[in-house]
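Asker: Structure incoming, see below.
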Amino acid sequence: MTKNVTLTRFIIEQQREFPGVSGTFTLLLNDIVKACKQISHMVNRGDLIGVLGSAGSENVQGEVQKKLDIITNDIMVDSLIWTGHLSGMASEEVDDIIQIPDHYPRGKYLALFDPLDGSSNIDVNLTVGTIFSILRYNGSGQPQLEDFLQKGSEQICAGFVLYGPSTMMILTTGHGVNGFTLDQDIGEFILTHPNMTIPSETSEFAINMSNQQFWEAPVKRYIDECVAGEQGPRGKNFNMRWVASLVAEVFRILTRGGVFLYPYDLRDPAKPCKLRLMYEANPVAFIVEQAGGACSTGRERMLGVQPKGLHQRVPLILGSKSEVDRIIEYHQS
Ligand code: AHG
Ligand code: MN
Ligand code: MN
Ligand code: MN
């Protein structure tokens, strides 16, 4: 394998092979990369620069925001708003769509992002990340909400950056999934995980077990069977992981397989789901499918869900295809 293939070289060479990926898209991706490098640097310094802890404000999700939720959101917006590649943005941390002021040019893409995923982990120094999704905008003038509410299958690019022991970018443009590690010495993302694929079989599940009493029957059945181990109907023992950072769970599953569930929670009919469709579920669904895995609500392929709202929540089940298929089957029986 060619050594030291930078992300820029990789995208340019992918453009040659798949001409659909345009030049301006490459520039947009570079702007996102620059923003994520800035976020990585900030996250790595943490308390040294007083960016940890709560901001004392609430976002549209009803979550108490961390200082870094807001700081990372501002870094993403400030890095992208002037570039002329986008006609609009959407963020977990901003109630409405983010318009491009008229004094900047507008472009043919929309960017949606979760600027800091897993932010409840930032104060305890566990892996967090940034998730992004790129859609096409074929209109003219300021986009409306409806222009953002495209199915996940319409995404032209999706990725996430992991701020962990190493900073990594995981990316798909619809031609497989590739992983890049940030070489802090030269400030470049280097291709380290070409063509990532998820093993179809697994013995590892990820779910927040404290919600067990509120799950629907198909999920209860699936997890009970995993926990029953080799004495149970699955005839094998399972392991469990729960990091509480979606990006960390997805990268682990890309690396060694597994199944992740954040299912319906019957506790509060007003909020039966936690994870958001447009900037969490859809981008990771695109990546997981491109890596040979599957992603579903339990009743519907995630990339086929017709969005109804910018911050719409969905049940999220993803990972090794044979396990996701089994969970879907349990929802049908
Ligand atoms: P965010 O920090 O962007 O709000 O997302 C957190 C999400 C996701 O990253 C993770 O899988 C899940 O919340 C963890 O939920 P619990 O804290 O309920 O386990
Ligand atoms: Mn949040
Ligand atoms: Mn998130
Ligand atoms: Mn977030």
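The values are calculated or read from the model by the stated rules, or taken from the named source; none is laboratory data. Just so it is clear, the structure is predicted and the values come from calculations on it, not from any experiment. With ideal geometry, Cβ positions are generated from the backbone for all residues, glycine too; neighbour counts draw on all protein chains shown.
Asker: Determine whether Phe18 is assigned by the TED database to the domain that holds Asp117 and surrounded by 13 or more Cβ atoms within 10 Å (Cβ to Cβ).
Answerer: no
Asker: Can you find, within the range 89-109, the residue that is farthest from ligand 4 (Cβ to nearest atom) among those that are under 24 Å from Glu58 (Cβ atoms) and not charged (D, E, K, R)?
Answerer: This residue is Gln99.
Asker: Taking the condition of being under 20 Å from Gly309 (Cα atoms) and touching a Phe, Trp or Tyr at 6+ places or on another chain (Cβ under 8 Å), how many residues in the range 103-122 meet it?
Answerer: Of the residues in the range 103-122, 7 are under 20 Å from Gly309 (Cα atoms) and touching a Phe, Trp or Tyr at 6+ places or on another chain (Cβ under 8 Å).
Asker: Here's a follow-up. If I filter the range 223-242 for residues that are assigned by the TED database to the domain that holds Val284, in contact with a Lys or Arg (Cβ under 7 Å, 6 or more places away or on another chain) and under 21 Å from Thr130 (Cα atoms), do I get at least one hit?
Answerer: Yes, the range 223-242 contains at least one residue that is assigned by the TED database to the domain that holds Val284, in contact with a Lys or Arg (Cβ under 7 Å, 6 or more places away or on another chain) and under 21 Å from Thr130 (Cα atoms).
Asker: I've got another one for you. Which residue out of Leu162, Leu135 is assigned to a strand (DSSP E or B), away from ligand 2 (no atom under 16 Å from the Cβ) and over 22 Å from Gln38 (Cα atoms)?
Answerer: Being assigned to a strand (DSSP E or B), away from ligand 2 (no atom under 16 Å from the Cβ) and over 22 Å from Gln38 (Cα atoms) holds for just one of Leu162, Leu135, which is Leu135.
Asker: Can I ask one more? Which one of Asp117, Asp102, Asp147, Asp96 is within 16 Å of ligand 1 (Cβ to nearest atom) and assigned by the TED database to the domain that holds Asn73?
Answerer: Unique residue meeting the criteria: Asp117.
Asker: What is the number of the single condition among (1) in contact with a helix residue (DSSP H, G or I) (Cβ under 9 Å, 6 or more places away or on another chain); (2) on the phi < 0 side of the Ramachandran plot that Gln142 does not meet?
Answerer: (1)
Quick grid of which residues meet (1) of a type outside the set (Lys, Arg); (2) within 29 Å of Gly88 (Cα to Cα); (3) buried (at least 16 other Cβ atoms within 10 Å of the Cβ):
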position	(1), (2), (3)
Ala248	yes, yes, yes
Leu254	yes, no, yes
Pro263	yes, no, yes
Cys273	yes, yes, yes
Leu310	yes, yes, yes
Arg313	no, yes, yes
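Asker: Specify which of the listed residues (Leu112, Leu52) is surrounded by 15 or more Cβ atoms within 10 Å (Cβ to Cβ), within 16 Å of ligand 4 (Cβ to nearest atom), modelled with pLDDT of 95 or more and assigned by the TED database to the domain that holds Gly164.
Answerer: When all the criteria are applied, what remains is Leu112.
Asker: For residues that are more than 16 Å from ligand 2 (Cβ to nearest atom) and outside any strand (DSSP E or B), tally how many sit in the range 108-121.
Answerer: 1
Asker: Which of (1) β-branched (Val, Ile, Thr); (2) under 23 Å from Gly159 (Cβ atoms); (3) free of Cβ contacts under 8 Å to residues at least 12 places away in the same chain does Val227 not meet, given it meets every other one?
Answerer: (2)
Asker: Hey, another quick one. Does the range 287-303 contain any residue that is at pLDDT 95 or above, more than 18 Å from Glu249 (Cα to Cα) and within 18 Å of the chain's Cα centre (by Cα)?
Answerer: There is at least one residue in the range 287-303 that is at pLDDT 95 or above, more than 18 Å from Glu249 (Cα to Cα) and within 18 Å of the chain's Cα centre (by Cα).
Asker: If you scan the range 211-268, which residues turn out to be outside any loop (DSSP other than H, G, I, E, B) and touching a Cys at 6+ places or on another chain (Cβ under 6 Å)?
Answerer: Passing the criteria: none in range.
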